[in-house]
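Data first, discussion second: the structure below is written as C-alpha cells.
The values are calculated or read from the model by the stated rules, or taken from the named source; none is laboratory data. Keep in mind it's a predicted model, so treat the numbers as computed, not measured. Note: ideal-geometry Cβ built from the backbone for every residue, glycine included; neighbour counts use all protein chains shown. Accessible surface areas use protein heavy atoms only, side chains included; no ligands, DNA or RNA. Shrake-Rupley method; radii C 1.70, N 1.55, O 1.52, S 1.80 Å.
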Amino acid sequence: MMPRETGLRDSNDDTLWLVVPAAGKGTRMRAERPKQYLDLDGQPVIVHTLAKLHSAWPQARLILCLDEKDVWFEERFVPFDHWQRINGGDERADSVLNALMALQGRAHADDWVLVHDVARPCVHVDDLHTLHASVIGDEVGGLLATPAADTMKRQDRSHRVGHTESREGLWHALTPQAFRYGLLYEALHTARQSGQTITDEASAVEAFGLAPKLVPGRRDNLKITHPEDLALARWIITAQRDNT
Ligand code: C5P
C-alpha cells in the first residue's frame, strides 16, 4: 500500500512530530484482532491513545505506522489535521525507522520527535506535557519511566531464581520517548546496520554513548500486552474520565 498523506507539511520552528508505532500483531493478547483495535470502554484502544496525544498537542504532526495488511484501521480514528500513514516493519524499531525515513527532507535535524506505543492508551496528558517540558532544553532527549517497585529476580538456565538483582536505580522504560530527529534517525539506522536488538528508542541512543534523561511518569501508563491488561486499562480510563 502506498503511504497515505493528509496535509503533512515541512517543519517550522515549533514543529512536533509524533510517531505512533501501531503495526504490531499483538499475538500475546490471543485476541481475534490486533490489540489496538480491541474495545476499551466503547472505543478501540487506538482511539484513546490518539485522543490523549491530540489533547496534549493538537497541532502536532502524526506519523502512524500500520501493518500493510491492516483491515481494521479507519481514518475516523485519527483526530489530527496533519497526519500520514506508513507501513510498519518486522519489528517495532523497523516501524519507527520507516516513519523517520518518511520524514526525510521534511523534518529538520533538531525537530523533536515523540514516539508513543499505540498500546499505551492510559498515558496521562499531564505526563505528556511534563516529558516535553523536561527534554526541550536537553542535549540528548529522554523518556517517561517509573522506578522498579518489585524485587527483581534473574532466572537461571532451569528457570529457577539464579540471583536477586538490586532494584536500586532500576527503572521501567515507558513511552513516549522524545529525541531530536537527526539523532534518533542516526541511532536507529546505525542499530539496524549493526544488527542490534532494539526494543525502544532510548536503547538505540544509548548505543551511541549518550544518556537519555529519565523523566518520572505515572505507573498507570501501562502497555496492553496480555489479556488481563485490558481490564486494568478499562479501569484506569474510567477513573481518569471520572476525575476530569
Ligand atoms: O508488541 P509490543 O507491545 O512490544 O509493541 C509495542 C508497540 O510497537 C505497539 O504499539 C505495536 O503496535 C508496535 N509495533 C509496530 N511494529 C511492529 C511491532 C510492534 O509498530 N513490527
Quiz item: Which net charge results for the neighbourhood of Arg160, defined as the other residues with beta-carbon distances under 13 angstrom from its beta-carbon, given Lys and Arg at +1 and Asp and Glu at -1?
Solution: +2
Quiz item: Full extension from Thr146 to His129: what is 0.36 nm times the residue separation minus their Cα-Cα distance, to one decimal in nm?
Solution: 4.5 nm
Quiz item: Accessible area per residue, 1.4 Å probe, Å², for the chain: what's the number?
Solution: 52
Quiz item: Are there GluC sites (Glu not before Pro) in region 62-133 that DSSP puts in a loop and that have at most 15 other Cβ atoms within 10 Å, and which ones?
Solution: Glu68, Glu74
Quiz item: Taking Lys69 as the anchor, which aspartates and glutamates have their alpha carbon closer than 14 Å to its alpha carbon, excluding any fewer than eight residues away along the same chain?
Solution: Asp90
Quiz item: Label points 7 Å out from Cα along the Cβ direction at Asp14 and Glu186: separation in nm?
Solution: 2.9
Quiz item: What is the distance, in nm, between label points placed 7 Å from the Cα along the Cα-to-Cβ direction at Ala173 and at Ala51?
Solution: 3.0
Practice problem: Would you work out what percent of the accessible area of the chain, with all protein chains in place, is carbon or sulfur (probe 1.4 Å)? | Solution: 49
Quiz prompt | Charge dipole (debye, nearest 20) of region 175-220; +1 at Cβ of Lys and Arg, -1 at Cβ of Asp and Glu | solution = 120
Quiz item: What dipole magnitude, in Debye to the nearest 20, does the chain give about its Cα centre under +1 on Lys/Arg Cβ and -1 on Asp/Glu Cβ?
Solution: 680
Quiz item: Which of the GluC sites (Glu not before Pro) across region 137-244 are loop residues per DSSP, with 15 or fewer other Cβ within 10 Å?
Solution: Glu139, Glu168
Quiz item: Spin-label point model (7 Å from Cα, Cβ direction): what's the Val71 to Thr244 distance in nm?
Solution: 3.3
Quiz item: Each residue of region 234-244 in order: what ³J(HN,Hα) in whole Hz does its phi give by Karplus 6.51 cos²θ - 1.76 cosθ + 1.60, θ = phi - 60°, with x for Gly and Pro?
Solution: 4, 5, 5, 4, 5, 5, 5, 5, 5, 8, 9
